[in-house]
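Working notes, beginning with the structure itself.
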Amino acid sequence: MKIGILQTGYGPEPLILTGDYPDLFMRLLDGYGFDFQVYRVVDMEFPASVTDCDAWLITGSKHGVYEDHAFIAPLEQFIRDALAAGVRIAGICFGHQIMAKALGGHVEKFKGGWSVGVTDYDFAGKTLRLNAWHQDQVIDPPEGARTLASTPFCAHAALAYGDTGLSVQPHPEMDNDFIEGLMTHRGPGVVPDDLLAAARSRLDQPNDNAAIAAQIAAFFKGAQQAA
């Protein structure tokens, strides 16, 4: 099964020396029998058709979905076309947000500030611990979307769109070392110092990345989304 990775941004240079965002997803989904094709949509490198791959995955990005970038509008159209054609598509962080925006939801820079580091998410009564790195979030999901996970800070931390769309706000592809790298290379002067300090104090905590990897893999292979 061929998964097309739609890359919407680049990590900080010191971190991507060992692998950029697509590489993190390939590692996350290693062992599930997928082949991967990367399209750098942030540089306007788009697939010719939504059927060029069996399913799609949209990465995170430092950009906001409400910003004026050339790739935003065509990516939104690609999302709509893929779902209309019944081709499965998953989004992470920025990917989560742009799927919501493309389908009529509202995304904004959250007035409550940032969520950073190891965070507990409520997935229908089951707690999963995942790394967060965002201020933007989905405020109003699109009509018909189902909220699958939340925190007190982020009400719509995972969304399902029928059986063909799945998105999550946190970063299951990022281990604690990568998040620490973001704190070092992207956080200072952007994320408040007290939040960075609190997040650093949780870096030794385990995460549940493998559980989300299994969920994404099952989704790509045709499993229906839980209500």
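Looking only at residues in the range 177-227 that are among the charged types (D, E, K, R) and in contact (Cβ under 8 Å) with a residue 24 or more places away in the chain, the one that is nearest to A158 (Cα to Cα) is D208.
Filtering the range 1-41 down to residues that are without any contact (Cβ under 8 Å) to a residue 60 or more places away in the chain, touching a Ser or Thr at 6+ places or on another chain (Cβ under 9 Å) and aliphatic (A, V, I, L, M), which residue is farthest from A90 (Cα to Cα)? Among residues in the range 1-41 that are without any contact (Cβ under 8 Å) to a residue 60 or more places away in the chain, touching a Ser or Thr at 6+ places or on another chain (Cβ under 9 Å) and aliphatic (A, V, I, L, M), the one farthest from A90 (Cα to Cα) is V41. Which count do you get for residues in the range 1-26 that are closer than 16 Å to V42 by Cα and in a strand (DSSP E or B)? Looking only at that region, the number is 3.
Here F178 clears all of (1) modelled with pLDDT under 90; (2) outside any helix (DSSP H, G or I); (3) not small (G, A, S) except the condition numbered (2).
On inspection, L128 qualifies as surrounded by fewer than 23 Cβ atoms within 10 Å (Cβ to Cβ), under 30 Å from L83 (Cβ atoms) and of a type in the set (A, V, I, L, M, F, W, C).
Listed by first and then second residue, the pairs with beta-carbon distance under 6 Å, at least 6 apart or on different chains, first residue in the range 147-164 and within 14 Å of H134 (Cα to Cα) and at pLDDT below 95, second among the hydroxyl-bearing types (S, T, Y) and surrounded by 22 or more Cβ atoms within 10 Å (Cβ to Cβ), are F153/S115.
Hey, could you check the range 104-146 for residues that are of a type in the set (A, V, I, L, M, F, W, C), within 14 Å of I212 (Cα to Cα) and under 15 Å from the mean Cα position of the chain (by Cα) and say which is modelled with the lowest pLDDT? Selected residue: A132. With respect to the stated conditions, G11 is modelled with pLDDT under 95, surrounded by 20 or more Cβ atoms within 10 Å (Cβ to Cβ) and of a type outside the set (A, V, I, L, M). Being in contact with a helix residue (DSSP H, G or I) (Cβ under 9 Å, 6 or more places away or on another chain) and of a type in the set (A, V, I, L, M, F, W, C) is the filter here, so list the residues in the range 26-41 that pass it. Of everything in the range 26-41, those that are in contact with a helix residue (DSSP H, G or I) (Cβ under 9 Å, 6 or more places away or on another chain) and of a type in the set (A, V, I, L, M, F, W, C) turn out to be L28, L29, F34, F36, V38, V41.
For the range 131-144, filtered to residues that are closer than 11 Å to A100 by Cβ and aliphatic (A, V, I, L, M), the residue that is surrounded by the most Cβ atoms within 10 Å (Cβ to Cβ) is V138.
Test each condition in (1) farther than 16 Å from P170 by Cβ; (2) surrounded by fewer than 15 Cβ atoms within 10 Å (Cβ to Cβ) for C53 and report the one that comes out false. With (1) farther than 16 Å from P170 by Cβ; (2) surrounded by fewer than 15 Cβ atoms within 10 Å (Cβ to Cβ) applied to C53, the lone miss is (2).
A single member of A218, A213 is in contact with a helix residue (DSSP H, G or I) (Cβ under 9 Å, 6 or more places away or on another chain) and either within 21 Å of H96 (Cβ to Cβ) or surrounded by 13 or more Cβ atoms within 10 Å (Cβ to Cβ) (or both), and it is A213. Of the residues making up the range 87-125, those that are surrounded by fewer than 22 Cβ atoms within 10 Å (Cβ to Cβ) and part of a loop (DSSP other than H, G, I, E, B) are V87, L103, G104, G105, F110, K111, G112, G113, W114, A124, G125.
The values are calculated or read from the model by the stated rules, or taken from the named source; none is laboratory data. This is a predicted model, so every value here is computed, not measured. Positions of Cβ are generated from backbone atoms using ideal geometry, with glycine treated the same way; all protein chains shown enter the neighbour counts.
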